[in-house]
Amino acid sequence: MSAWVTAAVQAVLVAAVAPLVIGLMRAVRARLEGRAGGRLAQPWRDLRKQLRKEPVIPADAGMFFTAAPVVLMATSVLVAGAAPYLSTAGPLPGVADLVVVVGLLLLGTVALALAGLDTGTAFGGMGASREMTIAALVEPTLLLAVFALSTRVGATDLGAIVAAGATDPARVFTPAGALAAAALAIATLAEAGRLPVDNPATHLELTMVHEAMVLEYAGRDLALVEWAASMRLTILLGLLANLFIPWGVASGAQPAALVLAAGVFVVKLAALGGLVAAGEVFVAKLRLFRVPELLAGSFVLGLLAVIASSVLA
Amino acid sequence: MTEVHPPSATAVDVTAAELPEQAARLLGGGARLAVVAAHHDLDSIRVVYLFTSGPPDQRTELHLRTNAARPVVPSLAAQSFPASRFEREMHDLYGVQPENHPLPRRLVRHPHWPSGWYPMRADAGPRPSLSGAEPFPFVTVEGPGVYEIPVGPVHAGLIEPGHFRFSVVGETILKLKARLWYVHKGIEKLFEGHPADQRVALAERVSGDTAVGHALAYSLAVEDALSITVPAPAQRARAALLELERLHNHVADIGAICNDVGYGIAHAHTQRIREQLLRLNRDTTGHRLLRGGVFPGGAHLLTVPDPAAVTAIAGDIAEIVAVALDNTLVRDRLTGTAILGTRQATDIGTLGYVARASGLPFDARVAHPHTGIDDLAVPVHRDGDVLARFLVRAEEIRASAALLAALLPTLTAGTVTAGVRQPRADRPASGVGIVEGWRGTVVHRVEAQPDGTLTRVKIVDPSFLNWPALPVALADTIVPDFP
C-alpha cells in the first residue's frame with residue numbers, strides 16, 4: 001500500500017514541478033542573454049489560463065486528435081509514478097522496467113504524431129514526419145545508454161539500477177558510466193525537443209518539429225499537451241539525475257525519507273535544468289539533415305558504453 | 001565634400017513600334033529599367049519608361065502614348081523581367097494591355113477584385129462590390145511524394161501578410177509561389193490633387209522601415225520637378241539620416257537571422273542595440289523611425305548625434321557579428337542556404353544587399369548621388385547565400401558608421417531649407433528621385449501641375465523587384481532550413 005502512496009507522491013511531484021522546470025530554464029536563459037525574462041511560475045499561469053478555455057477541434061480531425069492529449073498525459077503520469085524518482089521501491093516493479101518506460105514514452109510520442117497527421121494540415125504532417133524520424137533515432141539510444149548500467153546490476157529494472165548505484169556509487173563513475181551519461185543527455189535533449197534539435201521558442205512554422213504537431217490544439221487540450229511535454233522533460237532529466245547522481249533516493253516509503261528525497265530530487269532537477277538552459281545559450285538549431293548525425297553519434301556513445309561496461313567489468 | 005546636383009531625366013517620345021528597339025538599346029548600354037508608370041491624361045494613357053544608369057548619373061525616359069479607351073503597349077517582358085512585373089501592375093491599375101506578355105496574370109489586385117475596374121484611372125469612380133473569391137492560380141507540381149504546404153497569409157510571427165505555396169518532396173522545396181499585396185494601400189492615388197510640399201508625411205508612411213528613404217526619394221523628385229536647389233548642408237543631413245535608418249534596420253535583420261536559426265543571445269543583444277539607435281533617432285528628428293527629418297526643399301535636425309556614440313554602437317554590432325559567426329552551428333546554418341546566383345540576381349533585377357550579396361556592385365549612393373560622398377565602401381560578396389547577405393549587412397553597418405563619422409561633424413542642428421519656390425514654367429513638370437534605402441534603391445517619379453499640385457506619384461520600392469528572387473533562391477533548399 002505504502003508503495004502506491006510513494007507512486008502517487010512521485011506523480012504529483014513531477015506534475016507540479018514540471019512547469020516550474022520549464023519556467024526556470026526560460027528564466028536562466030533570459031538572464032544569460034541579458035533579458036529580464038518571465039517569472040518562474042509563468043508556465044503554470046499559462047496552463048491555468050488555457051485550462052479554463054474550451055478546446056477547439058478542427059473539423060477534419062478524428063479520434064486520434066482528441067485522444068492524443070489524454071494518452072500523452074496518461075503515459076507521462078504512469079512513468080512519473082513508476083520510475084524511481086523518490087524511492088527505489090515502486091509499486092509496479094514491472095512498469096519501472098527500462099524497456100517499459102521507454103515504450104511508454106514512445107507511445108506518447110506516437111500518439112502525438114498520429115494526432116498531427118489526423119488534423120490533415122500540412123504542418124501537422126510535417127511535424128509528425130520529423131518527430132518520427134527523430135524518435136526512431138532517439139529511442140535505441142535511450143535503451144542502450146541505460147543497458148550499459150543494467151549489465152552491472154543484471155536487471156533492467158530501473159529501481160534496481162538506481163538502488164545499486166546508491167549503495168555503490170563507484171559503479172556509476174566509470175568510463176562506461178560517463179559514456180552512457182553523455183549518450184542519455186543527448187537523447188534527452190532530442191526527445192524533449194530542446195536545442196540544438198528543435199527550437200521550442202520559434203515562431204517559424206516551417207522549421208518546427210514538436211510545435212508543428214500541436215499547432216491545432218487549443219484550450220484544455222493544448223494545456224494537457226504542454227503540461228505533458230514539460231513532464232516528459234522532467235521525467236527524462238529526473239532519470240538522468242537519479243541514474244548518474246544516485247544520492248538521496250529513498251529505499252522505502254518512510255515519510256521522512258520521502259520528504260528528504262523530494263528535496264534532493266528538486267535540487268537535482270533545478271541544477272540539470274539550469275545546466276541545459278545555460279548550454280542552450282551557446283548553440284543554434286542544427287540543420288534538420290544534420291540531426292541524424294548528432295543522434296547517430298549519441299547512439300555510438302551508448303554502444304561504446306555497453307561494450308565498455310561488459311568488457312571492462 | 002563636393003556639391004552634387006542630380007541631373008534631370010531626358011524625355012523622349014516614342015511610338016509603340018520604336019519602344020522595344022529603344023529599350024533594347026538602353027538596356028544593352030547598361031541601364032536598368034527603374035520605373036514603368038502609366039498616366040491617365042485627358043484622352044490618352046501615357047506610359048513612362050524610366051531607364052537609369054550610373055555613374056555617371058544618367059536618366060532617360062521613354063514616353064509612349066496610347067488610346068485611353070483601349071490602351072495597348074508592346075510588352076518588354078522578353079527583354080527585362082522587371083518590365084514584366086511593371087506591366088502586370090500597370091494592367092491591374094490602369095487596364096493597359098501588354099501585348100505578347102508571357103504571363104499576363106493579375107499581380108497587385110487579387111482575383112476577387114472586380115474585373116474591368118481600374119482604380120488608378122481618372123474615370124475609375126467608386127469601387128464596385130467585390131466578387132466571390134477565385135482560386136489562386138499556381139503551377140501544381142505532380143509526382144510521387146510531392147505535397148503542398150500552404151503558409152499564411154496570417155503568420156505566427158509579427159510579419160506582414162503574404163501567402164506562400166510550397167511544393168515539396170520529402171523536405172526539399174521544388175517550387176514556391178508567393179502571393180503578396182494583401183495590404184495594397186493605394187498610396188499612389190492618395191497623393192493626387194494635393195500640393196507637393198504637403199505630402200511628404202504620406203511618403204514617409206509608404207514603408208515604416210524606410211521612412212527616410214521614401215521621404216528623401218519623394219523630396220528629390222519634387223525638387224527635380226519644381227527646380228528647387230537644396231543647400232549642401234541639408235543634403236548632408238539627409239545623407240546622415242539615410243545611414244541612421246540603414247543602421248537600425250540592418251542590426252534588426254542580423255538579430256532576426258540569428259534568432260531564426262535558434263541563436264537567441266545574438267537576437268537579444270541586437271534588440272538592445274536597435275533600441276539605443278531608435279532612441280538616438282528620436283533625439284535626432286523627434287521620431288524613433290526618423291520621420292520628420294526630410295522634406296521637399298530641406299532637412300530638419302533637432303540635435304546632431306554624437307559621432308563617438310555611433311562609432312561605439314558599430315563596434316558593439318561588429319562584436320555580436322563576430323560572436324555569431326564564430327559559432328560553428330550558426331555559420332553552418334547560414335552557409336550555402338538559399339543561394340541566388342549572380343546571373344539570376346541580374347536577370348531578376350534585384351537591388352540592395354540582395355544584389356550585392358550575389359556579386360552585383362550596384363549602389364544608388366554611388367550611381368545617383370544627391371550629395372558628395374568621399375570613399376564610400378560598397379561591400380560585395382559573390383556567394384549569394386544567407387551568409388553572404390548576412391556579411392553584406394554587417395559590412396554595410398561598418399561603412400555607414402564610417403560615413404556618419406565623417407558627415408556628423410559637418411552638421412548643425414536646426415532646419416536648413418531652400419524654401420519651396422513657386423515653379424517657373426507654366427507647363428506640367430516631372431521629376432525623379434533615386435535613393436539607396438536600406439533594402440535597396442527606392443525610386444519616386446512625380447508629375448505636378450504648374451502650381452505644384454501633384455497629378456501622379458509613382459513609387460518603386462526595392463522589394464517590388466527583390467521578392468521574385470525568393471522562390472528562385474529557395475529551389476532545392478529544404479523546408480526546415482527556410483531562412
Fill in the blank from the handout: Counting all Cα-Cα pairs in the stretch B:204-332, those more than 23 Å apart amount in percent to 39
Practice task
Arrange B:117, A:44 by Cβ neighbour counts within 10 Å, fewest through most, would you?
Solution key: B:117, A:44
Practice task
Determine which aspartates and glutamates satisfy two conditions relative to residue A:268: a Cα distance under 17 Å, and not lying fewer than 8 residues away in the same chain.
Solution key: none
Handout entry: Dipole-positive endmost among B:110, B:325, B:268 within chain B (Cβ charges, Cα centre)
Key = B:110
Completion exercise
Counting other chain Cβ atoms within 10 Å of each Cβ in A:126-136 and taking the mean gives 1
Practice task
Over the Cα atoms of chain B, compute the convex hull volume and normalise it per residue, giving Å³.
Solution key: 143
Exercise for the section: Partner chain Cβ atoms within 10 Å, averaged over the residues of A:203-211 - can you pull that number for me? Expected result: 6
Completion exercise
Taking every DSSP bridge whose two residues both lie in the stretch B:1-156, the antiparallel percent to the nearest 5 is 70
Completion exercise
Expressed in µm² per second, the diffusion coefficient of the stretch B:16-154 from the Stokes-Einstein equation, with Rh the Kirkwood radius over alpha carbon pairs, at 37 °C and 0.692 mPa s, is 193
Fill in the blank from the handout: As straight-line cross-link partners of residue B:177, the qualifying aspartates and glutamates (C-alpha separation under 16 Å, not fewer than 8 residues apart within one chain) are B:142, B:148, B:476
Handout entry: Relative contact order computed over chain A (Cα-Cα under 8 Å; 6+ residues apart), in percent
Key = 30
Completion exercise
Out of A:112, A:51, A:126 - ranked by how far each Cα lies towards the positive end of the dipole of chain A, with unit charges on the beta-carbon of charged residues - the top one is A:51
Completion exercise
Filtered hits (aspartates and glutamates, Cα-Cα < 17 Å from residue B:185, offset >= 8 within chain) -> B:89, B:92, B:160, B:204, B:209, B:461
Problem - Within chain B: Cβ-based charge dipole about Cα centre, in debye rounded to nearest 20 (Lys, Arg +1; Asp, Glu -1) - result: 700
Exercise for the section: Rounded to whole Hz and in sequence order, give me ³J(HN,Hα) for the stretch B:50-61 from the Karplus expression 6.51 cos²θ - 1.76 cosθ + 1.60, θ = phi - 60°, writing x for Gly and Pro. Expected result: 9, 10, 10, 8, x, x, x, 4, 10, 9, 10, 10
Practice task
Evaluate peptide A:275-285: per residue, the Cβ atoms of other protein chains within 10 Å of its Cβ; return the mean as an integer.
Solution key: 4
Problem - Calculated FRET efficiency for the pair residue B:451/residue B:67, C-beta based, R₀ 35 Å, to 0.05 - result: 0.75
Handout entry: Rough spin-label spacing in nm, given labels placed 7 Å along Cα→Cβ, for residue B:155 and residue B:183
Key = 1.1
Exercise for the section: Pull up the DSSP beta bridges for chain B and report the antiparallel fraction as a percent, rounded to 5. Expected result: 85
Handout entry: residue B:147-residue B:323 FRET efficiency (beta carbon distance; Förster radius 60 Å; 0.05 resolution)
Key = 0.95
Handout entry: Size-normalised alpha-carbon gyration radius of the stretch B:88-232, reference 2.2 N^0.38 Å
Key = 1.36
Problem - Dipole in debye (nearest 20) - the stretch B:1-119, about Cα centre, beta carbon charges: Lys, Arg +1; Asp, Glu -1 - result: 440
Handout entry: Segments B:217-226, A:208-217 sorted - mean Cβ within 10 Å per residue, highest first
Key = B:217-226, A:208-217
Exercise for the section: Compute the FRET efficiency between residue A:41 and residue B:332 as 1/(1 + (r/R0)^6), taking r as their Cβ-Cβ distance and R0 = 30 Å, and round to the nearest 0.05. Expected result: 0.25
Problem - Over the stretch A:148-305, relative contact order from alpha-carbon pairs under 8 Å, at least 6 apart, % - result: 36
Practice task
With a point put 7 Å past each Cα toward its Cβ, work out how far residue A:155 is from residue B:129 in nm, to one decimal.
Solution key: 7.8
Problem - Of the DSSP H helices in chain A, those whose Cα atoms cover at least 20 Å axially and whose Kyte score averages 1.0 or more - result: A:2-32, A:63-82, A:98-118, A:122-153, A:175-191, A:219-244, A:255-281, A:291-311
Handout entry: Contact order relative to length of chain B, as percent, for alpha carbon pairs under 8 angstrom and 6 or more apart
Key = 18
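Taken together, the values in this text are just the output of simple stated rules run on the coordinates, not laboratory data. The structure presented is a predicted model; accordingly, all values stated were derived computationally and were not measured. When we count neighbours, we look across all protein chains shown, and the Cβ atoms used for this are built from the backbone with ideal geometry, even at glycine.
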